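Here's the structure, in structure tokens; my notes come after.
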Amino acid sequence: MLVSGSPPLPMSRWRTCPDPHNPRPDRMKTFYFLSLGCPKNRVDTEVAVASLVRAGYRPVDLPEEADVLVVNTCSFVLDARTESVEALVELAEVKTRRPGARLVAMGCLGQQAGGELAESLPELDLVLGSGEPASLPALLEEPGPVFHPTSPRHLPGDAVPRVLTQSPAFAYLKVADGCSRRCAFCTIPSIKGPFESRPIRALADENRMLADQGVRELVLVAQDLTQFGLPGRRSLLRLLDALEQVPGIAWIRLMYLYPEGIPDALIERVAAGGKVVPYLDMPLQHVDDRVLRRMRRGTSERSIRRVIERVRSASRPIALRTTFITGHPGEDDAAFRNLERFVQEVQFEHLGVFAWSPEEGTHSSTMADPPPAAVRRKRRSALMKLQKRISTVHNRASVGAVVDVLVEGPSAEHAWVMQGRTQRQAPEVDGIVLLDGFDGRAGDIVSARIRRAGAYDLVAIPVAARRET
């Protein structure tokens, strides 16, 4: 199975095509794929899976049935590295019970510490960096063990085939990779290198490929969407122009926008009511000026407030998501209280919180006297409790409203109920809508009346005939 998802598809249901040149599909080699980390990693996973399928491999749901065991790793923070290593160790045990099986680590941990990983886990047959996911089948033909470092970024100049591994209703589109900002707490620039965009033509072609697979919602991801384009020539609006021309795509969602780079024209585009949904993901990390300086964020509370005022005064209400870090060096009790007051005042529709951890190689990790780990976690919990109350108020205010819901498929927790999302909910990170009495299919967009609301999820009943994909 796949870790994280909204909801994930069993591998046996991935949208693969039979190979007319392989008359004995029962003899095909099999693979099991575990994808960890962010949506950008998910895109690389889907490229790697497509390359395996084209090479004659077949996905299976259980690792015990696989000839090839693959983990697309994450190394963003310590917890992610730990999760990646634990997954590899678990699959290494499976490998010992399946003679001839191959074990593969790919992605960011392979890029950042591939040599060390190969040395510490001798069961590994292949360690692949993060820049060439489509090379996986060819590398599997080489006698192992193989350590194959790559360029840090996967930025194909043309559209790349993908096998969708989550709900067929939506797909991520990685428009750029890397990051040129130097936030004190972040490892991304050291792992991925500087920010670089993909060509608009390639992204439009990939959008068409995804639409042909039935995708209805396109979720744009990069480390900082506001920087999209050539150096000195930002062109996110031109990209949106091209993507909106593709038939079949109903919604386009923007994730990861740096607050200092959001122009008025983009805010109005988001509020205009076209395919771009009224939703902005704008990670702020903190609001206290002293902490922001320590974080090297290049902004201030005053500047952040101005951006939020511009968003809140748009011609149509825009849902705001953000993330914060608690316990960064320099965050004393007064700074945290300032952050709490800010969250209470702004009333974000969606919010996530990370407790700071000292990541090797970052400037933050060298700072003296960070808050104790227990304090960092306590502050995170306090902020999430505050946001839970705010989210409850937002959701209860929507009861009785009729909204469009994009159906994702059966609920991950209740298989007899279909789940979906409104335009104001992003996949995986926000709440969902449970559709009571709906018998449609993934990819349908249905008008539904919200009947009940919890802190994060909604329950709705369809009120109009479904609109087919």
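Derivation of every value follows stated rules applied to the coordinates shown; laboratory data play no part. Please read these numbers as outputs of a predicted model, since none were measured by experiment. We place every Cβ from the backbone using ideal geometry, glycine too, and count neighbours over all the protein chains shown.
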(request) Please work out the C-alpha center-to-center distance from the stretch 274-332 to the stretch 415-440 and express it in whole Å. (result) 27 Å
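Given 0.36 nm per residue, what is the gain on full extension from SER365 to THR392 after removing their alpha carbon distance, in nm? Mind showing how you got there, number by number?
Working: separation 27, 0.36 × 27 = 9.72 nm, distance 3.59 nm.
Answer, rounded to one decimal: 6.1 nm.
Please give the per residue volume of the convex hull enclosing the alpha carbon atoms of the stretch 112-190, rounded to a whole number of Å³.
Working: hull volume 12.3 nm³, N = 79.
For the stretch 112-190, the hull spanned by Cα atoms encloses 156 Å³ per residue.
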(request) At q = 0.17, 0.19, 0.25 Å⁻¹, work out log10 I(q)/I(0) for the stretch 317-373 with the Debye formula, treating every Cα as an identical point scatterer and leaving solvent out; two decimals please. (result) -0.64, -0.75, -1.03
(request) Take peptides 177-186, 313-322 and line them up by average Cβ neighbours within 10 Å, highest first, as a rough protection proxy. (result) 177-186, 313-322
(message) As an exercise, use a Förster radius of 60 Å and the Cβ-Cβ distance of ALA374 and ASP264 to find the FRET efficiency, rounded to the nearest 0.05.
(response) 0.90
(request) Can you pull the one-decimal nm distance between simple spin-label points at ALA464 and GLU90, each 7 Å off the Cα toward Cβ? (result) 4.3 nm
(request) Count the lysine pairs in the chain whose Cα atoms sit under 25 Å apart, keeping only pairs 8 or more residues apart in sequence or on different chains. (result) 7
(message) Please compute the modelled spin-label separation between SER135 and MET209, points set 7 Å along Cα→Cβ, answer in nm with one decimal.
(response) 1.8 nm
(request) May I ask you to derive the relative contact order of the stretch 11-148, considering only C-alpha pairs under 8 Å and at least 6 residues apart, and to give it as an integer percent? (result) 22 percent
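Using the Cα atoms of the chain to build a convex hull, what is its mean projected area in square nanometres?
On the way: hull surface 88.6 nm².
Convex hull of Cα atoms, orientation-averaged projection: 22.2 nm².
Ignoring everything except DSSP H segments at least 4 long, calculate the 222 nm mean residue ellipticity for the chain; use -39,500 (n - 2.57) per segment, divide by total residues, nearest 500. Could you put the intermediate results ahead of the total?
Numbers: 12 runs with 146 residues, N = 469.
One gets -9500 deg cm²/dmol as the mean residue ellipticity at 222 nm.
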(request) Sort out for me the Cα centre separation of the stretch 144-195 from the stretch 32-55, rounded to whole Å. (result) 11 Å
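Rounded to the nearest angstrom and ordered from largest down, what semi-axes does the equivalent ellipsoid of the stretch 402-462 get from its C-alpha gyration tensor (root of 5λ)? Could you put the intermediate results ahead of the total?
Working: eigenvalues 40, 32, 27 Å².
The three semi-axes for the stretch 402-462 are 14, 13, 12 Å.
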(message) Show me the ranking of peptides 444-455, 418-429 by mean Cβ neighbours inside 10 Å, starting with the highest.
(response) 418-429, 444-455
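In the neighborhood of PRO372, defined by Cβ-to-Cβ distances under 11 Å, what is the net charge if each Lys or Arg adds +1 and each Asp or Glu adds -1?
So the surrounding residues net to +3.
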(request) For the stretch 170-397, divide the Cα radius of gyration by the Kirkwood radius and give the resulting Rg/Rh value with two decimals. (result) 0.98
(request) Express the relative contact order of the chain as a whole percentage, based on alpha carbon pairs under 8 Å and six or more residues apart in sequence. (result) 11 percent
(message) Run the Debye formula on the Cα coordinates of the stretch 338-468, all scatterers equal and no solvent, and tell me log10 I(q)/I(0) at q = 0.12, 0.13, 0.14 1/Å.
(response) -0.59, -0.65, -0.71
(request) With a 10 Å radius around each residue's Cβ, average the other Cβ atoms per peptide and rank 379-391, 121-133, 197-209, highest first. (result) 121-133, 197-209, 379-391
(message) Could you give each residue of the stretch 63-73 its phi-based ³J(HN,Hα) in whole Hz, using Karplus coefficients 6.51, -1.76, 1.60 with θ = phi - 60°, and x for Gly or Pro?
(response) x, 5, 9, 9, 7, 10, 10, 10, 10, 8, 8
